[in-house]
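What follows is a single structure, written as structure tokens, with notes after it.
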């Protein structure tokens, strides 16, 4: 394209850049809630696209490509970014403009990738992001000189401030002529790129010091081998305290609302009718038992998003590298394992950033041991029902929060132990060196955090309205038919298909303290762990429990279960065999059914052994 300006109808823009450059924050600033998130066809790499309308009326379609350090692609993420920018990715139109986002405080690293993008021969624009931070640190960038030497337009952006992308929008909107694209230069070597970066920095950037004084001061404590670990432990402990303390009023409100809504919708239906039973005993007893835990899930993700936005998470990975390597992992496994606290599926997908295939496989096998958000409803149900809500240790800490923190910690420790066993089995004595960019500390932005929480809420509600609703209705049907014979004195569910299955499974699970109702709930729980809670709600509603108490599932199980049974079920879910989606993504990522069988098998064995030991010890000590 030799024209001096871009077309005026619509424009496809690809945002590219190194990790931690603020690219996604810029994407959120431009598109807001007008985003679509999916996966590229045939791979598990995330595709994020949004749109906005420029002042001229032009519709701008923005694609947020995975962060990459180089087009010398080693991972699927890097390959996707390279292929889309080159216009060779199947089913993805070539971008009309590539906006290369660079951290203005770290141009020594980011400019090399800018030069790689420039080689493609496509229209390129450089967005110098975090310019406010650069100025505070005394970094002076001669934008005009940098633009002249690069031969591409250069604009300043501050992605975390309202209006921080106005210069970018004006340039893209055609108010300022765009530079003509350069011809590809495939002959440039890696050494040439480094030499060009040095020339650009010398000519256009004045930097008083390599890092910020405040960052250095914080890192002296945050990265200390002793104090840093203590700070990380305290942060995680306080997060789980907040999960229980802050969520209680919101959970009570949701519980009361679901009870009132269920009573209002079913009041006109004949008691004992199939439709009344489906709505009251199936949908509201099942879905209400899961929806009540949404506040706790969002509070957990609120803290994770804040830590991610602040720049702390890469430091936690660096801090834990030595400990994780001794257990057979590396610091690069930290982010995938942390992602598994949301769900093991994206955690396993994130292992693609691990270049060593053996380390990647180990991380895949232990990622499901991280306490995903689907376990949280089970944990909080049992903790609220059996652990007193009181403060301990000088009245400062919530006992329920301490128990929840212990369960999360047990999952982490278990993952490290299993990784250590795998390392010994493969007799791995390799050494490693972790090279990782530590981004500057920054204040989390309310907009980005709110958008992340909203996306998590939508994902949770889709699961509730999709797979959980479907399984709840299916379980209601299996718990209702066939009905009880004439003259039967037991609840009708005892004679149903689900009841017969639960009683048959009870022979296997009786040694670990599970009753037949729990056995029934384990089956749909294989599809999604949180379905176990909705299944228990449906089963106890169909078992003839007091209708006034069915909406308060914790009260029902507290009356009917022993403490030993509750502790056994908690131990089971620390190691519970994965949901089907996790097994499917293990199959896709390893291309082997063998590792699917190994993963499911060892977790079932650990879950049964842990539950058996817990139940028998609890009975002895009772």
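Taking only pairs six or more apart or across chains, which ones have beta-carbon atoms under 8 Å, a first residue in the stretch 514-525 that is free of Cβ contacts under 8 Å to residues at least 40 places away in the same chain, and a second residue that is surrounded by 23 or more Cβ atoms within 10 Å (Cβ to Cβ) and assigned to a loop (DSSP other than H, G, I, E, B)?
522/514
For residue 110, which of the numbered conditions (1) crowded, with 21+ Cβ neighbours inside 10 Å; (2) in contact with a strand residue (DSSP E or B) (Cβ under 7 Å, 6 or more places away or on another chain); (3) farther than 22 Å from residue 192 by Cα fails to hold?
It fails just one condition, (3).
Based on this model, can you work out whether residue 470 counts as modelled with pLDDT under 85 and assigned to a loop (DSSP other than H, G, I, E, B)? Let's see the steps before the verdict.
Numbers: modelled with pLDDT under 85: yes; assigned to a loop (DSSP other than H, G, I, E, B): no.
No; evaluated as a whole, the condition is false for this residue.
Can you name every residue in the stretch 145-160 that is closer than 15 Å to residue 203 by Cβ and touching a strand residue (DSSP E or B) at 6+ places or on another chain (Cβ under 8 Å)?
Pass one, the stretch 145-160, residues closer than 15 Å to residue 203 by Cβ: 145-151, 154.
Correct list: 146, 147, 150, 154.
So, in the stretch 574-593, exactly how many residues are part of a loop (DSSP other than H, G, I, E, B) and modelled with pLDDT under 85? Spell out the reasoning first.
Taking the stretch 574-593 first, the residues part of a loop (DSSP other than H, G, I, E, B) are 575-579, 591-592.
Filter once more, keeping what is modelled with pLDDT under 85: 577-579, 591.
Residues that pass the stated criteria total 4.
Spot the failing condition for residue 76; the list is (1) out of contact with any strand residue (DSSP E or B) (no Cβ under 7 Å at 6 or more places or on another chain); (2) modelled with pLDDT of 90 or more, and only one is missed.
Result: residue 76 passes all but (2).
Going residue by residue through the stretch 212-220, is there one that turns out to be surrounded by fewer than 15 Cβ atoms within 10 Å (Cβ to Cβ) and in contact with a strand residue (DSSP E or B) (Cβ under 6 Å, 6 or more places away or on another chain)?
Checked the stretch 212-220: no residue is surrounded by fewer than 15 Cβ atoms within 10 Å (Cβ to Cβ) and in contact with a strand residue (DSSP E or B) (Cβ under 6 Å, 6 or more places away or on another chain).
Can you pull out the residues in the stretch 486-497 that are within 17 Å of residue 274 (Cα to Cα) and either out of contact with any helix residue (DSSP H, G or I) (no Cβ under 9 Å at 6 or more places or on another chain) or at pLDDT 80 or above (or both)?
First, the residues of the stretch 486-497 that are within 17 Å of residue 274 (Cα to Cα): 491-493, 495-497.
Scanning the stretch 486-497 gives 495, 496, 497.
State all residues of the stretch 235-289 that are under 30 Å from residue 315 (Cα atoms) and in contact (Cβ under 8 Å) with a residue 12 or more places away in the chain; if no residue qualifies, say none. Explain how you work it out, then say what you get.
Taking the stretch 235-289 as the starting set, the residues that turn out to be under 30 Å from residue 315 (Cα atoms) are 235-247.
Passing the criteria: 235, 236, 237, 239, 240, 241, 242, 243, 244, 245, 246, 247.
Quick check on the stretch 247-269. Is at least one of its residues out of contact with any strand residue (DSSP E or B) (no Cβ under 9 Å at 6 or more places or on another chain), in a helix (DSSP H, G or I), buried (at least 19 other Cβ atoms within 10 Å of the Cβ) and at pLDDT below 75?
no
Looking at this structure, is residue 352 surrounded by fewer than 22 Cβ atoms within 10 Å (Cβ to Cβ), assigned to a helix (DSSP H, G or I) and touching a residue at least 60 places away in the same chain (Cβ under 8 Å)? Give the derivation first.
Numbers: surrounded by fewer than 22 Cβ atoms within 10 Å (Cβ to Cβ): yes; assigned to a helix (DSSP H, G or I): yes; touching a residue at least 60 places away in the same chain (Cβ under 8 Å): yes.
For residue 352, the condition - surrounded by fewer than 22 Cβ atoms within 10 Å (Cβ to Cβ), assigned to a helix (DSSP H, G or I) and touching a residue at least 60 places away in the same chain (Cβ under 8 Å) - is met.
Identify the single condition in (1) over 24 Å from residue 193 (Cα atoms); (2) out of contact with any helix residue (DSSP H, G or I) (no Cβ under 8 Å at 6 or more places or on another chain) that residue 55 does not satisfy, given that it satisfies every other one.
It fails just one condition, (2).
Per-residue answers, yes or no, for (1) at pLDDT 85 or above; (2) in a loop (DSSP other than H, G, I, E, B); (3) assigned by TED's automatic domain parsing to the domain that holds residue 108; (4) within 28 Å of residue 461 (Cα to Cα):
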| site | (1), (2), (3), (4) |
| --- | --- |
| 381 | yes, no, no, yes |
| 385 | yes, no, no, yes |
| 400 | yes, no, no, yes |
| 410 | yes, no, no, no |
| 423 | no, no, no, no |
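Suppose the filter is more than 28 Å from residue 500 (Cβ to Cβ), more than 24 Å from the chain's Cα centre (by Cα) and in the same structural domain as residue 471 (by TED's automatic domain parsing); does residue 563 pass it? Don't jump to the end; show me each part of the working.
Working: more than 28 Å from residue 500 (Cβ to Cβ): yes; more than 24 Å from the chain's Cα centre (by Cα): yes; in the same structural domain as residue 471 (by TED's automatic domain parsing): yes.
Yes, satisfied.
The values are calculated or read from the model by the stated rules, or taken from the named source; none is laboratory data. Predicted model only: the values in this text are computed from it and were never measured. Cβ coordinates were reconstructed from backbone atoms using ideal geometry, including for glycine residues, and neighbour counts include every protein chain displayed.
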